[in-house]
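S.K.: First, the structure itself, so that you have it in front of you.
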Amino acid sequence: MATKKKPAAKKQPLLKLVKNDPWLEPFNEAIQGRYDHVMYKLNELTGGKGSLSDFAGGHLYFGLHRTARQWVLREWAPNATKIYVIGEFNNWQEDEAYAMKRLPKSGNWEIKLPSKAMKHGDLYKLKVYWEGGCGERIPAWVRRVVQDEETKIFSAQVWAPQEEYQWKKTKFKPQRDPLLIYECHIGMGQDAERVGTYEEFRLNVLPRIIKEGYNCLQIMAIQEHPYYGSFGYHVSSFFAASSRFGTPEELKQLIDEAHQNGIAVIMDLVQSHAVKNEVEGLGNFAGDPNQFFYPGDRREHPAWDSLCFDYGKNEVIHFLLSNCKYWLEEFHFDGFRFDGVTSMLYYSHGLGEAFCGYGDYFNGNQDGNAICYLTLANMLIHEVNPNAITIAEEVSGMPGLAAPVKDGGYGFDYRMAMNVPDYWIKIIKEKKDEDWHPSGIFWELTNRRADEKCISYAESHDQALVGDKTLIFRLVDADMYWHFKKGDENFMAHRGIALHKMIRLVTASTINGGYLNFMGNEFGHPEWIDFPREGNGWSHKYARRQWNLVDNKELCYHYLGDFDRDMIALLKSGKSLLKHKVQEIWHNDGDQVLAYSRGDLLFVFNFSPDRSYEGYGFMVPEGSYNVVLNTDNPAYGGNGLSDDTIEHFTNYDPLLQQQGKGWLKLYLPARSAVVLRKKAVKK
């Protein structure tokens, strides 16, 4: 008797992410499983209603709130046995009138106080008891934390001004074609050797950004952090805007004024880890070191001296998702650049991983809880604000990070092209100028996933930290101090000025999503960033931006600043930069010449340090071309070897006629780049 054949297993349909990249097909099941896990968790959290926004309202319930007749304070502290509110209003003493009560069948605590029990500006903390111990704590959901200048002690502060901030611009839609990001830090945004403020930034720096043409402000170090020198990455109070820069209302006014000038504002959101501090932070909130964080070996980050959130706990997901919604709704931020995504994705935090093939992204090293959380966060953010911007700072190259959730991706709008700044450092350090190959440069700048948008950049704050060097300092080095006065430039200064412009132009003009610049780098800020610390005598000398350098027309810095402004204006000109693909026209590594087009713009680079070319020809669409930007222009510190007023016409070639092309012949000075725009033909 013949045995019946077992029916073949039904093949899983391919997700669009996999359809777009056949190399992912062996991992379709894993990617599908990732997606299914997100949908399961979404259903669990929302009770099948599908509204993450309703779920992520923890900030409206927890923390301190003032109603018409009373104060209400709630906290999640399942391991606590007693909690007292102590502060200036009760001489920092435990008082039964200020004792919180545990709510039935939950780990939540609550206290309701009459309106006269505390007032705006009062300092307070929680005195938390647990089995075998107790400690003073700052509430986890607190919205305002201040530090005493003398004792350096942090306290929560009652923040309930009589009048809420009145937004002048209530609706705002970011410009994204292209997204041009000005990365900044409020504290170091001034010349003075001290911590700057939101107000100073609004009055003194924002007008510069408006003038330079950037359409997005990315602000670092907003969430409260005990140690200023952490650059804002060791967060203690996730719902509190750092008070060292000013008041919440001053931050809102900064964002509002940016919006009024067409500039989106996103924040550097840190949810990849938290500071270890127990008194100021969440490290041991109620005697349970794992209330917010993973247990065992996974609790501490081995490289960052910080704690790792337990993304598998629904209460932690609630805390972090509410954090996203809070910043969007309360402060009108337009989105987030998620810090440390690589660290979240992998049990190893990506440390020591090579990521040489697709198998390395699906080998069991992936933290499914964190992946699920990041996907849910993107879903929530875009539910709260469909125009919101989310960017992943991720170095491993995980496929699908910036692909839609429905396609099997994580839902980020953009990913950081972190290979680009590393590449520039590498060739500056390791290759002679005559060995810079245009083919390699072009490949590095355009080698990306077709279905994921990137934020490209030549350098960010990372390349400027102490122990490293900015691009301009790598190119010019100490000669910046002695030969950056106009008329006194030496060879190194001329070389650095020329290459700095070329590097930024080739990086910015090949983007497929956005371009980022860190505050001051556009004009070649000469020094590294070093925050005040014990090792430098707590000096602010290198934790500031010397705007006086670019304002001084006797120095060369304004050449770079003026070029950057005109480059940004060029990227914004025309109907749409991003709708036009980057089309390579020519490269010759021997000549060190590169040419590519983007719509009606033609970009031509001569990276040779000592060879200029007369009548160098390219096959381009027939017509006439006008110069719209030239790095060799004397206005940008160039030699002015070309006459940019000349209209360039293509030469007729019968062999190219059917293609509608001709030969465009140009003079290409050594170490320079020129951008031409094809003249529209009148019909």
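The values are calculated or read from the model by the stated rules, or taken from the named source; none is laboratory data. Nothing here was measured: the structure is a model prediction, and the numbers come from that model. All Cβ positions, glycine included, derive from the backbone under ideal geometry; neighbour counts span all protein chains shown. Heavy atoms of the whole protein, side chains included, go into the accessibility calculation; ligands, DNA and RNA do not. Shrake-Rupley method; radii C 1.70, N 1.55, O 1.52, S 1.80 Å.
S.K.: Excluding same-chain pairs closer than 8 in sequence, count the lysine pairs in region 381-528 whose Cα atoms lie under 28 Å apart.
M.R.: 22
S.K.: Now, a different point. How high is the relative contact order of the chain, in percent, with contacts defined as C-alpha pairs under 8 Å that are six or more residues apart?
M.R.: Contact order relative to length: 11 percent.
S.K.: So for the chain: antiparallel DSSP bridges make up what percent, rounded to the nearest 5?
M.R.: 70
S.K.: Which log10 I(q)/I(0) values, to two decimals, does the chain give at q = 0.06, 0.10 Å⁻¹ under the Debye formula with one point per Cα?
M.R.: Log10 I(q)/I(0), no solvent term: -0.39, -1.00.
S.K.: Once you keep just the Cα pairs under 8 angstrom separated by 6 or more residues, what percentage relative contact order results for region 273-411?
M.R.: Value for region 273-411: 20 percent.
S.K.: Any idea what log10 I(q)/I(0) is at q = 0.10 Å⁻¹ for region 547-683, Debye with uniform C-alpha scatterers and no solvent?
M.R.: Taken in order of the listed q values, log10 I(q)/I(0) reads -0.37.
S.K.: Still on this structure, I have one more. Going Cα to Cα from Lys325, which aspartates and glutamates come in below 13 Å? Please leave out same-chain ones fewer than 8 positions away.
M.R.: Asp54, Asp334, Glu383
S.K.: May I pose another question? With every protein chain left in place, what is the accessible area per residue of region 605-653 in square angstrom, probe 1.4 Å?
M.R.: Value returned for region 605-653: 48 Å² of accessible area per residue.
S.K.: Excluding residues fewer than 8 places away in the same chain, name every one of the lysines whose C-alpha is closer than 19 Å to that of Lys116.
M.R.: By straight Cα distance, Lys116 reaches Lys125.
S.K.: Further, regarding this structure: For region 325-449, what is the convex hull (Cα atoms) projected area averaged across all directions, in square nanometres?
M.R.: 9.5
S.K.: Counting only helical runs of four or more DSSP H residues, what would the 222 nm mean residue ellipticity of the chain come to if each run contributes -39,500 (n - 2.57) and the total is spread over all its residues?
M.R.: Here the helix-only value at 222 nm equals -7000 deg cm²/dmol.
S.K.: Could you give the longest part of the chain that holds none of the chymotrypsin sites (Phe, Trp or Tyr not before Pro) found in DSSP loops with at most 11 neighbouring Cβ atoms within 10 Å?
M.R.: No qualifying site falls inside 1-537, the longest such stretch.
S.K.: For the chain, with all protein chains present and a 1.4 Å probe, just round the carbon and sulfur fraction of the accessible area to a whole percent.
M.R.: Answer for the chain is 50 percent, counting heavy atoms of protein chains only.
S.K.: Based on a Kirkwood Rh over C-alpha pairs, give the Stokes-Einstein translational diffusion coefficient of region 432-569 at 10 °C and viscosity 1.306 mPa s in µm²/s.
M.R.: Estimated via Stokes-Einstein, D reaches 98 µm²/s.
S.K.: Moving on. Where only protein heavy atoms count, and the probe is 1.4 Å, what is the accessible area per residue for region 228-284 in Å²?
M.R.: Averaged over the residues of region 228-284, the accessible area is 20 Å².
S.K.: Here's a follow-up. Please compute the alpha carbon radius of gyration of region 415-491, then divide it by the globular-protein estimate 2.2 N^0.38 Å. Two decimals is fine.
M.R.: Relative to the 2.2 N^0.38 Å estimate, region 415-491 comes out at 1.31.
S.K.: What does the accessible area per residue of region 168-227 come to in Å², with a 1.4 Å probe and no ligands, DNA or RNA counted?
M.R.: Dividing the accessible area of region 168-227 by its residue count gives 36 Å².
S.K.: Among Lys168/Lys211; Lys276/Lys541; Lys581/Lys679; Lys41/Lys82; Lys152/Lys541, which pairs are too far apart, with a Cα-Cα distance over 26 Å?
M.R.: In this structure, Lys276/Lys541; Lys41/Lys82 exceed 26 Å between Cα atoms.
S.K.: Among all the aspartates and glutamates, which ones have a C-alpha under 14 Å from Lys127's C-alpha, if same-chain residues fewer than 8 places away are not counted?
M.R.: Result set, ordered by chain and number: Glu75, Glu88, Glu94, Asp95, Glu96, Glu110, Glu136, Glu278, Glu280.
S.K.: Quick one: which residues, 5 or more positions from Ala402 or on another chain, have an amide H under 5 Å from its amide H? H modelled 1.01 Å from N in the peptide plane, none for Pro or chain starts.
M.R.: Those qualifying (amide H under 5 Å, at least 5 residues apart or on another chain) are Tyr410.
S.K.: What Kirkwood hydrodynamic radius do you get for region 146-205 when you take the inverse of the mean 1/r over all pairs of distinct Cα atoms, in Å?
M.R.: Its Kirkwood hydrodynamic radius stands at 15.6 Å.
S.K.: What is the distance in Å between the Cα centres of region 503-541 and region 305-372?
M.R.: Result: 26 Å between the Cα centres.
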